[in-house]
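S.K.: Have a look at the structure that comes next, please.
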Amino acid sequence: MLAIQPTYETIEEIPIALAVGKITLAQFRNYHDLCLEFRHEPVVLTGPNGSGKTNLLEAISLLVPGRGLRRAALAELQNQNAPEPWAVAADLATPLGTLQIGTGRDPEESDGERRLVHIDGKNVRNQHTLNEHVAMAWITPEMDRILAEGPGTRRKWLDRLVFSFDPAHGGRVHRYEKALRERLRLLREGPADAAWLNALEDEMAQTGVAIAAARKHLLRQLRTAIAETTGEFPQADLALKGMAEEALEDQPALPVEDKMRAALARTRGEDAQSGTCATGPHRSDLAVTHRAKQTPAEFCSTGEQKALVVAIMLAYTRTLTKVRQMAPLLLLDDIAAHLDDVRRIALFEEIRALGVQAWLTGTDPEPFAPFLPFVQHGAVDHGRVNWV
């Protein structure tokens with residue numbers, strides 16, 4: 001039997017970590033009502049498929065801005081056997097003390113697609129405020145395909161990671177995409193007003209280069225974290241492919257903005273014909289290479305791709321801990337799939353070394369056996385959790 005060796009000797013060595021102390025679910029997915037309390041240790045949830053393990057992780061993922069780890073519409077989160085709108089509440093231990101967060105579907109909205117957020121009992125107008133208090137990272141089975149799918153999937157993944165470091169990044173992406181859509185609309189309808197097109201392309205150039213710069217800043221930090229670690233997970237070489245990102249390698253931001261404006265003006269006719277925009281950070285891609293094999297990730301095996309994603313996310317968690325001065329919550333859904341015994345043990349050791357409250361799910365307790373003495377183990381079945 002493989003055994004986990006302690007990775008820290010005193011309580012002072014453990015990083016300050018976020019931890020869910022209590023969570024309450026009402027009419028959320030297959031849960032009618034659930035209230036659980038936790039210690040600060042990692043949590044392992046096991047049970048058959050469909051029992052509610054991922055649903056519980058999804059509820060936790062709504063403690064940060066966005067649509068959660070499954071990107072579901074708010075209506076999909078609703079327990080279909082209950083008329084009351086779903087709600088999630090949590091007591092979160094933070095470096096500044098206990099934080100109470102509540103979120104749920106707005107019952108006043110006719111389409112039910114507005115999410116309410118409360119922090120310490122006060123209504124928050126913008127859910128992005130959550131990012132000021134909570135840091136979180138996750139790995140889901142769907143992410144196994146990130147490295148094999150198209151650039152759009154990897155780009156969205158990267159922007160999600162950047163947003164945790166830089167809350168303003170989400171606003172930049174929103175402004176850029178809004179200007180992009182408006183420019184394409186004007187080009188399709190034509191003839192477009194030149195002054196208005198110039199204004200939109202100016203917005204795209206400024207925000208586009210800022211988006212590219214934020215992505216590059218995160219990648220530099222990830223490369224440092226990857227270089228400083230050794231272990232059973234493969235090291236990944238990371239690179240950004242895109243006009244703005246590549247130009248920023250050896251040019252200041254302002255000349256790159258000028259270059260992007262000129263490219264947008266030059267391709268107006270082509271973009272009007274194609275209905276797309278050929279230039280900008282919405283076309284960029286994150287290139288990942290298995291360093292030891294010098295093989296692009298898309299040509300690696302499924303197991304190697306999974307290991308690369310885990311390695312990148314562990315580096316991200318270490319970087320997030322350093323930058324935010326607190327260890328984030330780490331959600332690992334069905335994490336044992338495609339990981340051999342050695343890498344599973346390496347993952348468990350890394351979780352202990354990071355000092356994070358990680359949440360891991362799986363159908364069978366056996367793959368987690370070496371880790372169970374160090375965690376809270378819950379057996380999930382039909383929307384209920386029983387501690388083992």
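The values are calculated or read from the model by the stated rules, or taken from the named source; none is laboratory data. Just so we're clear, the structure is a prediction, and the values are computed from it rather than from any experiment. Glycine also receives a Cβ, built like all others from the backbone with ideal geometry; neighbour counts cover every protein chain displayed. For accessibility, only protein heavy atoms count, side chains too; no ligands or nucleic acids. Shrake-Rupley method; radii C 1.70, N 1.55, O 1.52, S 1.80 Å.
S.K.: Go through region 22-33 and count every residue that is open to solvent by 10 Å² or more (accessible area, probe 1.4 Å) and either touching a residue at least 24 places away in the same chain (Cβ under 8 Å) or in contact with a Cys (Cβ under 7 Å, 6 or more places away or on another chain) (or both).
M.R.: Qualifying residue count for the region: 7.
S.K.: Count, please, the residues in region 270-288 that happen to be in contact (Cβ under 8 Å) with a residue 24 or more places away in the chain and either under 26 Å from residue 309 (Cβ atoms) or of a type outside the set (A, V, I, L, M, F, W, C) (or both).
M.R.: Of the residues in region 270-288, 13 are in contact (Cβ under 8 Å) with a residue 24 or more places away in the chain and either under 26 Å from residue 309 (Cβ atoms) or of a type outside the set (A, V, I, L, M, F, W, C) (or both).
S.K.: Taking residue 193 as the residue in question, decide whether it is among the acidic types (Asp, Glu) and surrounded by fewer than 16 Cβ atoms within 10 Å (Cβ to Cβ).
M.R.: yes
S.K.: Can you pull out every residue in region 76-86 that is open to solvent by less than 40 Å² (accessible area, probe 1.4 Å) and touching a Lys or Arg at 6+ places or on another chain (Cβ under 9 Å)?
M.R.: Across region 76-86, the qualifying residues are 77, 78, 79, 86.
S.K.: Further question: List every residue pair whose Cβ atoms sit under 7 Å apart, with the two residues 6 or more apart in sequence or on different chains, where the first one lies in region 155-177 and is within 19 Å of residue 201 (Cβ to Cβ) and the second, anywhere, is open to solvent by 30 Å² or more (accessible area, probe 1.4 Å).
M.R.: Here the result reads 172/210; 175/203, each pair linking region 155-177 to a residue that is open to solvent by 30 Å² or more (accessible area, probe 1.4 Å).
S.K.: Can you say whether residue 140 is within 30 Å of residue 273 (Cα to Cα) and of a type in the set (Val, Ile, Thr), as far as the supplied structure shows?
M.R.: no
S.K.: State which residue is least open to solvent (accessible area, probe 1.4 Å) when the search covers only region 257-269 and only residues that are small (Gly, Ala, Ser) and in contact (Cβ under 8 Å) with a residue 12 or more places away in the chain.
M.R.: Selected residue: 263.
S.K.: Considering only region 270-303, how many residues are of a type in the set (Ser, Thr, Tyr), open to solvent by 50 Å² or more (accessible area, probe 1.4 Å) and either closer than 17 Å to residue 156 by Cα or not in a helix (DSSP H, G or I) (or both)?
M.R.: Adding up the residues that qualify gives 2.
S.K.: Still on this structure, I have one more. Please verify whether region 251-259 includes one or more residues that are touching a strand residue (DSSP E or B) at 6+ places or on another chain (Cβ under 9 Å) and not basic (Lys, Arg).
M.R.: Checking region 251-259: not a single residue is touching a strand residue (DSSP E or B) at 6+ places or on another chain (Cβ under 9 Å) and not basic (Lys, Arg).
S.K.: Take region 321-340 and flag every residue that is crowded, with 23+ Cβ neighbours inside 10 Å and under 16 Å from residue 218 (Cβ atoms).
M.R.: Listed by number, the list holds a single entry, 328.
S.K.: Count, please, the residues in region 304-320 that happen to be under 18 Å from residue 156 (Cα atoms) and either of a type in the set (Phe, Trp, Tyr) or open to solvent by 20 Å² or more (accessible area, probe 1.4 Å) (or both).
M.R.: Within region 304-320, residues that are under 18 Å from residue 156 (Cα atoms) and either of a type in the set (Phe, Trp, Tyr) or open to solvent by 20 Å² or more (accessible area, probe 1.4 Å) (or both) number 1.
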